[in-house]
Amino acid sequence: MVARIKRTQSLSRSLNYNEKKVQTGAAECIHAANYPKDLEALNFYDKLHRLEHQAALNQRVKANSVHISLNFHESDQFNKEKLCAIAETYMQGIGFENQPYLVYQHHDAAHPHIHIVTTNIQRDGSKIEMQNIGRNQSEKARKNIEEKFKLIKAEGRKQQQDIELKITPKKIQYGKSLTKRAITNVLEEVISNYKYASLPELNAILNLYNVIADRGNIDSKMYERKGLMFSVLDDKGNKIGVPIKASDFYNKPTLKNLEKKFAENEKQKQPYARKLQARINWVLRKKEQSFKGFIQSLSMEGIKVVPRQSKDGNIYGLTYIDFKNKCVFNGSDLGKEFSARAVLDQLGLAPTLHQKKEEQETRDNPIDSKLINQSGKHINEHATAKNQKEDLSNVMNVLLKPEQNNDYTPHELLKKKRKRKRNKLSW
């Protein structure tokens, strides 16, 4: 079993997340603990008001919403009664047995899992301390539950990573799942858990799940009004299906809200930059390494390299996704030595790419490619092309200039015209 605990500032958002799943048939509320009514008699507002009423007993605590997920191995078998018993045992183990909480069984993943929504404010207005609760109380409760209910253990790093890998959303395959539900699952995982500081950095992660956040063309009204759409991508990276507005998702991943996250994440991810630099440098020290080998070596270190390429295949940028610390960095933001140009130079691949670029320019300007200066190097094609255009323009001006009159008589041979004298009238 793998337990995840999140603290947020919105009880309504946590509750809405689960209730929306209930409405679409992707989840079911199976237990309500410490509520004055039975579960069947509770509506949405009954569930929310009970939590908010207790949270209001301490106005100083802002992050009063606790959202827990308990994830089990896909081989484990459950019924509702067993899941409710596990939830009660876990809540007792972390000191939340007297808190009002709701238990939801989710059906939208390959592995069995439940979500628990509660608050960390107690009846007397004091708060439950949650510092290191995951490492201490939650870890003890996990081991106890695995023994008591005969569950497959998540002991050991490799086994726990295997289980966590199955928890994360899979790549979306258009037509095989409901588009909005599939994108929602991806957004819930990525937006909340990763540290990214721009839309391209966010898209570097979303693209791994075949999702893209799109602002539209730069001259479109949607771009001007800061609109945002989410679309599914096919295996070639092309958008497919009907895009969905950001405002249509329950957690409102609009550009305005994301920009707030960008500012927060920019500060939060900086402490991890040095560690990432060290891991990349370690891989770059390997000799006789191809770019593919560089990517594979970093992948073994838990780092995904996302190249940014132009239409002609030239690599002009690199983005690094650190899965260990859940951070995203643009290469040049880490330092000049981690930019695409610097990395390719260190791998000995930059000249090849530059040569391809020159060959492309040669095909575009066949005359310019023959112009060589005294040192044997190519003259700047752009400057040469500009000069040639100017020379051609001058020639055309001369050719198109109107012909002058060839019946020209030298000034010396012209006869002077006599001025006609006028008789002056005297009055």
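The values are calculated or read from the model by the stated rules, or taken from the named source; none is laboratory data. Since the structure is predicted, the reported quantities are computational estimates derived from the model, not experimental observations. Reconstructed Cβ throughout: ideal geometry from the backbone, glycine too, with neighbour counts over all protein chains shown.
To keep it simple, each residue is scored yes or no on (1) exposed (fewer than 15 other Cβ atoms within 10 Å of the Cβ); (2) at pLDDT 90 or above; (3) farther than 29 Å from P307 by Cβ.
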residue: E147; (1), (2), (3): yes, yes, yes
residue: P169; (1), (2), (3): no, no, no
residue: L178; (1), (2), (3): yes, no, yes
residue: K195; (1), (2), (3): no, yes, no
residue: L206; (1), (2), (3): no, yes, no
Scope region 273-332; condition surrounded by 14 or more Cβ atoms within 10 Å (Cβ to Cβ), over 20 Å from the mean Cα position of the chain (by Cα) and among the hydrophobic types (A, V, I, L, M, F, W, C); matching residues
I280, V283, L284, F291, F294
Based on this model, can you work out whether L11 counts as farther than 24 Å from E139 by Cβ, in the same structural domain as G134 (by TED's automatic domain parsing) and touching a Gly at 6+ places or on another chain (Cβ under 7 Å)?
no
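Residues checked against (1) part of a strand (DSSP E or B); (2) at pLDDT below 95; (3) aromatic (F, W, Y); (4) surrounded by fewer than 16 Cβ atoms within 10 Å (Cβ to Cβ):
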{"site": "S75", "(1), (2), (3), (4)": "no, yes, no, yes"}
{"site": "I86", "(1), (2), (3), (4)": "no, no, no, no"}
{"site": "E129", "(1), (2), (3), (4)": "no, yes, no, yes"}
{"site": "R135", "(1), (2), (3), (4)": "no, yes, no, yes"}
{"site": "E139", "(1), (2), (3), (4)": "no, yes, no, yes"}
{"site": "R142", "(1), (2), (3), (4)": "no, yes, no, no"}
{"site": "E155", "(1), (2), (3), (4)": "no, yes, no, yes"}
Test result for Q54, in the same structural domain as N120 (by TED's automatic domain parsing), assigned to a loop (DSSP other than H, G, I, E, B) and under 23 Å from E129 (Cα atoms)
no
Hey, A263 hits all of (1) touching a strand residue (DSSP E or B) at 6+ places or on another chain (Cβ under 7 Å); (2) more than 17 Å from I205 (Cα to Cα) but one; which does it fall short on?
(1)
Close pairs (8 angstrom Cβ cut-off, 6 or more residues apart or separate chains): without any contact (Cβ under 8 Å) to a residue 24 or more places away in the chain in region 244-271, aliphatic (A, V, I, L, M) and not in a loop (DSSP other than H, G, I, E, B) anywhere:
K245/M229; K252/A246
Scan region 11-21 for residues that are surrounded by 15 or more Cβ atoms within 10 Å (Cβ to Cβ) and either small (G, A, S) or over 19 Å from N120 (Cα atoms) (or both) and jot them down.
S14, E19, K20, K21
Taking first residues from region 1-12 that are within 23 Å of H111 (Cβ to Cβ) and second residues anywhere that are of a type in the set (D, E), the pairs with Cβ under 7 Å that are 6 or more apart or on different chains are M1/E146; V2/E164
Some residue of region 212-224 being modelled with pLDDT of 90 or more, under 14 Å from R181 (Cα atoms) and out of contact with any Lys or Arg (no Cβ under 8 Å at 6 or more places or on another chain)
no
Given region 194-305, what strands (runs of 3 or more DSSP E) lie entirely inside it while holding 2 or more residues that are in contact with a Pro (Cβ under 8 Å, 6 or more places away or on another chain)?
211-214, 229-233
Do you know which residues across region 16-37 are closer than 15 Å to P100 by Cβ and at pLDDT 95 or above?
C29, H31, A32, A33, N34, Y35
Number of the condition not met by N34 [criteria: (1) closer than 28 Å to R135 by Cα; (2) surrounded by fewer than 13 Cβ atoms within 10 Å (Cβ to Cβ); (3) of a type outside the set (A, V, I, L, M, F, W, C)]
(2)
Does V328 satisfy the condition of being β-branched (V, I, T) and either outside any strand (DSSP E or B) or in the same structural domain as I212 (by TED's automatic domain parsing) (or both)?
no
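Matching residues to (1) at pLDDT 90 or above; (2) β-branched (V, I, T):
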| position | (1), (2) |
| --- | --- |
| T254 | yes, yes |
| I303 | yes, yes |
| Q309 | no, no |
| G317 | yes, no |
Looking only at region 185-203, how many residues end up being within 15 Å of L334 (Cβ to Cβ) and of a type in the set (A, V, I, L, M)?
1
